[in-house]
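Worksheet: one structure, shown below.
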Amino acid sequence: MDYTVTIFEQEEESLNIIKNYFEDIAGYTVKNSFTDYQDGYSAIKNDLPNILIIDVTGEEALMYIRKAAELGCKVIALNSKWTTGKAIRTLRAGASDFISIPVIKNELTESLQKLALPEVSSDTKNRVLTVFSNKGGIGKTAIAVNLAVELAKITKEKVALLDLNLQLGDVSAFLDVKPTFDISYVLNSNIEKDEDFILKTFEKYKNLELYILAEPAFAETAKDIKPKQISMLLNSLRKIFSYIIIDMSSAIDEKSATILDNSDLILFPTIINIPAIRNCQRCMDWFGRMGYSENKTRILVNRYVENDEINITDFETALGREVYWKIPNNYFTIMSAINKGVPVSEINEDSNITCSLRDLAIKISDSIIEQNITERVKSKTV
Ligand SMILES: Nc1ncnc2c1ncn2[C@@H]1O[C@H](COP(=O)(O)OP(=O)(O)OP(=O)(O)O)[C@@H](O)[C@H]1O
Ligand SMILES: [Mg+2]
């Protein structure tokens, strides 16, 4: 697998020179190039290239360097006339290195070597799946917890379950675990967040390869957690876990935006009634403004009842979006699971809600495997 590169450059000549150099440098693939920063940023939020090469044409570029660095991209900045001040501001914004235009091949290769890039695994299926709704009490935690358990069971791969509902998290209560460490400890520790550290600080759940990271022990410390820390943590986790399942709050704020930006798939649970349709629409509009493609968000109808007054087709028509999955209403099973602190499968392996959540996990893991195979086939045929 190559490191992926995106280039923001308005000068066609300079862009072509850089692209030509990359043809000869092994281990890197130029995925995209943009002449407009905003367009480019919308794309890199989804693609998450390893490297961004950006022409610093003004102050605006520094903002995009900052944003790209927050996403975990290594940034190489270009300029035809570096001054000490400009270089300092660029590095402070988060660039890893700066080189001059016209770009010289040796300078570019030296700069790439300095980046200390993460190892690119040959398996690209590490996916961050976030259960989010702007409505409280809609079933986010119930879905996140049971989905994580089912994914760990089905795939036998490493799954992380993160409670990013930083003030009101209840993942540990849903699974009756008392983790020794919490997210504040993990984020504030100076120890390198490598596999060894993560697997020791996350709480392993029973005999599954499921590792839980709980919300801060003290709700008042939640505000000290910075969006950047969250995106950096997620980047570390991508290297360790096949699936990262996130439960989060209903807030629409900077922290939520960072979590959603860093997610590969957003599972959006809703119930079916008129206010919920309006609410769902509002949130889909927000996702649109954030630059998310429809592919990134999946609507899950929770507490689904057949022959309800509003049926799924009416709901889909009103929303102009398809429903990805339906989770049946089963108050008894879910409440006994919550009260006992176990997944629904431990209450009743064959209940409709257990089967639905298991099948959802299968559908998600199958589609990810399919995507990986398609990507591999594509990379071999290009
Ligand atoms: N499929 C379901 N069938 C019946 N009841 C359900 C279902 N899913 C969730 N519930 C009920 O909804 C309640 C809220 O669920 P949950 O705590 O998972 O929601 P949440 O969106 O995480 O809430 P919060 O916004 O407070 O974090 C549960 O206590 C349970 O009673
Ligand atoms: Mg919750």
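The values are calculated or read from the model by the stated rules, or taken from the named source; none is laboratory data. Nothing here was measured: the structure is a model prediction, and the numbers come from that model. Neighbour counts run over all protein chains shown; Cβ positions are idealised from the backbone, glycine included. Heavy atoms of the whole protein, side chains included, go into the accessibility calculation; ligands, DNA and RNA do not. Shrake-Rupley method; radii C 1.70, N 1.55, O 1.52, S 1.80 Å.
Annotation note: of Ser367, Ser351, Ser336, the sole residue that is on the phi < 0 side of the Ramachandran plot and within 29 Å of the chain's Cα centre (by Cα) is Ser367. Could you tell me whether any residue of the stretch 366-378 is at pLDDT 85 or above and either assigned to a helix (DSSP H, G or I) or outside the structural domain of Leu147 (by TED's automatic domain parsing) (or both)? Scanning the stretch 366-378, I find at least one residue that is at pLDDT 85 or above and either assigned to a helix (DSSP H, G or I) or outside the structural domain of Leu147 (by TED's automatic domain parsing) (or both), so the answer is yes. For the stretch 347-363, the criterion of being surrounded by 20 or more Cβ atoms within 10 Å (Cβ to Cβ), among the charged types (D, E, K, R) and not assigned by TED's automatic domain parsing to the domain that holds Ser42 is met by at least one residue. Among the candidates Leu187, Leu161, Leu151, the residue that is within 15 Å of ligand 1 (Cβ to nearest atom) and in contact with a helix residue (DSSP H, G or I) (Cβ under 7 Å, 6 or more places away or on another chain) is uniquely Leu161. Asn190 satisfies every condition listed in (1) modelled with pLDDT under 95; (2) assigned to a helix (DSSP H, G or I) except (2). Just one of the numbered conditions (1) out of contact with any Lys or Arg (no Cβ under 9 Å at 6 or more places or on another chain); (2) crowded, with 21+ Cβ neighbours inside 10 Å is not true of Thr84: (2).
Quick grid of which residues meet (1) in the same structural domain as Met284 (by TED's automatic domain parsing); (2) among the hydrophobic types (A, V, I, L, M, F, W, C); (3) assigned to a loop (DSSP other than H, G, I, E, B):
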{"position": "Phe197", "(1), (2), (3)": "yes, yes, no"}
{"position": "Leu208", "(1), (2), (3)": "yes, yes, yes"}
{"position": "Ile212", "(1), (2), (3)": "yes, yes, no"}
{"position": "Ser231", "(1), (2), (3)": "yes, no, no"}
{"position": "Ile240", "(1), (2), (3)": "yes, yes, yes"}
{"position": "Ile246", "(1), (2), (3)": "yes, yes, no"}
{"position": "Ser250", "(1), (2), (3)": "yes, no, yes"}
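If you go through the stretch 69-79 and keep only what is modelled with pLDDT of 95 or more and touching a helix residue (DSSP H, G or I) at 6+ places or on another chain (Cβ under 6 Å), you end up with Val75, Ile76, Ala77. The residues of the stretch 46-68 that are open to solvent by less than 20 Å² (accessible area, probe 1.4 Å) and not hydroxyl-bearing (Ser, Thr, Tyr), listed by number, are Pro49, Ile51, Leu52, Ile53, Ile54, Asp55, Val56, Ala61, Leu62, Ile65, Ala68. Here is the figure for the stretch 198-223: residues that are closer than 22 Å to Ile259 by Cα and either open to solvent by less than 30 Å² (accessible area, probe 1.4 Å) or not polar (S, T, N, Q) (or both) total 18. Of the residues making up the stretch 252-259, none is on the phi > 0 side of the Ramachandran plot and modelled with pLDDT under 90.
Which ones in the stretch 132-175 are open to solvent by less than 20 Å² (accessible area, probe 1.4 Å) and either more than 12 Å from ligand 2 (Cβ to nearest atom) or not assigned by TED's automatic domain parsing to the domain that holds Asn330 (or both)? Once the filter is applied, which keeps residues that are open to solvent by less than 20 Å² (accessible area, probe 1.4 Å) and either more than 12 Å from ligand 2 (Cβ to nearest atom) or not assigned by TED's automatic domain parsing to the domain that holds Asn330 (or both), the stretch 132-175 yields Asn146, Leu147, Ala148, Val149, Glu150, Leu151, Ala152, Val159, Ala160, Leu161, Leu162, Leu175. If a residue must be out of contact with any strand residue (DSSP E or B) (no Cβ under 9 Å at 6 or more places or on another chain) and open to solvent by less than 30 Å² (accessible area, probe 1.4 Å), how many such residues does the stretch 182-197 contain? Going through the stretch 182-197 one residue at a time, the tally reaches 4. The set of residues from the stretch 7-40 being touching a residue at least 60 places away in the same chain (Cβ under 8 Å), open to solvent by less than 50 Å² (accessible area, probe 1.4 Å) and in contact with a strand residue (DSSP E or B) (Cβ under 8 Å, 6 or more places away or on another chain) comprises Glu9, Ser14, Ile18, Tyr28. Remark: pairs (first residue in the stretch 159-185, small (Gly, Ala, Ser); second residue within 11 Å of ligand 2 (Cβ to nearest atom); Cβ separation under 6 Å; 6+ apart in sequence or on different chains) = Gly169/Asp163; Gly169/Glu215.
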